[in-house]
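To start, the structure itself, in structure tokens.
The numbers here are math on the coordinates, done by the rules we state, and not lab data. These numbers come from a predicted model, not from an experiment. Reconstructed Cβ throughout: ideal geometry from the backbone, glycine too, with neighbour counts over all protein chains shown.
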Ligand code: GRF
């Protein structure tokens, strides 16, 4: 039974999708804790109501990035996770932290990486006139929003879309691909070959 710790910063809709799919589909895993860097993260209340352990490591209370990473690592280690899942976690983690969790830390980013790493992805995709957008689940490496890609979703950009409309269309697919990618991880289906992620049984790694 693999132990999953999820890190959030806000509403936590991806976290909710993961918790629900894990329970419904009987993954060989359990979400043992949800940890946030802000006590007002709405997702914490949802997790508490489900009886999941929660913790807060306020980045604002820490004197430096390194101190935050240290306190966060301490909070995480207490739950002895096999997998760390970043789900709308809005802090950049330092290279030492990332190295310690390499190969067992996933992130979801609301763009078709390597396009549009960083913030405001939907605004930037619209400004660039992209005709497709999407989301990417990837292993976390020290470089922000990089790292071996596990799965992507693709949606059309429709005429008249604004940021909110595009974000909602992409988010609906995030709730499908993130649980699938995490399930593959806990079922030991993911292999990294030559720096690229493949599914052991050749499952499609794109949702279109
Ligand atoms: C998602 O779009 C995720 O891809 C991005 O931040 C958003 C978080 O949403 N990193 P939620 O907190 O999971 O609802």
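Restricting to Cα atoms and excluding each atom paired with itself, what does the Kirkwood estimate give for the range 152-208 in Å? Spell out each step's value before the answer.
Working: mean 1/r = 0.0776 Å⁻¹.
Kirkwood hydrodynamic radius for the range 152-208: 12.9 Å.
Quick one: compute the contact order of the chain, relative version, from alpha carbon pairs under 8 angstrom and 6+ residues apart, as a percent. Mind dumping the intermediate values first?
Details: 396 pairs, mean separation 39.5, N = 208.
Here the relative contact order equals 19 percent.
Using C-alpha positions alone, give me the convex hull volume of the range 1-101 per residue in cubic angstrom. Please list the in-between numbers first.
On the way: hull volume 8.6 nm³, N = 101.
Hull volume over Cα atoms, normalised by residue count, gives 85 Å³.
Just from its helices, what would the mean residue ellipticity at 222 nm be for the chain, if runs of 4 or more DSSP H residues each count -39500 (n - 2.57) and the sum is divided by every residue, rounded to the nearest 500 deg cm²/dmol? Display every interim value, and only then the final one.
Numbers: 6 runs with 71 residues, N = 208.
The helix contribution divided over the chain gives -10500 deg cm²/dmol.
Which one of 64, 111, 13 has the biggest mean-square fluctuation once the chain is modelled by GNM with Cα springs under 10 Å?
64
Roughly how many Å is it from the Cα centre of the range 10-78 to that of the range 124-202, as a whole number?
When both Cα centres are located, 21 Å separates them.
Over the range 113-193, what is the relative contact order in percent, taking alpha-carbon pairs closer than 8 angstrom and at least six residues apart?
Values: 92 pairs, mean separation 22.5, N = 81.
Once divided by the residue count of the range 113-193, the mean separation gives 28 percent.
Connecting C-alpha atoms closer than 10 Å in a GNM of the chain, tell me which of 35, 192, 108 has the biggest fluctuation.
Per the Cα network of the chain with a 10 Å cutoff, 192 tops the list.
Got a sec? How would 208, 6 order by Cβ neighbour count within 10 Å, fewest to most? Don't jump to the answer; show the numbers that get you there.
On the way: 208 11, 6 30.
If I rank by nearby Cβ atoms, fewest first, I get 208, 6.
Just subtract the alpha-carbon distance of residue 199 and residue 60 from 0.36 nm times their residue separation and send over the number in nm, one decimal.
Difference between extended and current length: 46.1 nm.
Using Cα springs under 10 Å in a Gaussian network model of the chain, which residue among 94, 194, 43 shows the largest mean-square fluctuation?
Comparing 94, 194, 43 in the GNM, the peak value goes to 194.
For residue 124 and residue 49, calculate 0.36 nm times their separation in residues minus their Cα-Cα distance, and state this gained length in nm to one decimal. Don't skip to the end; give the middle numbers.
On the way: separation 75, 0.36 × 75 = 27.00 nm, distance 3.63 nm.
Extending this stretch completely gives an extra 23.4 nm.
Mind checking Rg over Rh on the chain, alpha carbons, Kirkwood formula for Rh?
Details: Rg = 16.5 Å, Rh = 17.4 Å.
Reported Rg/Rh (Cα atoms, Kirkwood Rh): 0.95.
If you average the sequence gap of Cα pairs under 8 Å that are 6 or more apart and divide by the length of the range 1-101, what percent do you get for the contact order?
Reported as a whole number, the value is 38 percent.
Give me the one-decimal nm value for the distance between modelled label points at residue 206 and residue 189, 7 Å along each residue's Cα-to-Cβ direction.
Between residue 206 and residue 189, the simple spin-label model gives 1.8 nm.
Dividing the convex hull volume of the Cα atoms of the range 108-208 by its residue count, what figure in Å³ per residue is obtained?
Working: hull volume 9.4 nm³, N = 101.
Per-residue hull volume (Cα only) is 93 Å³.
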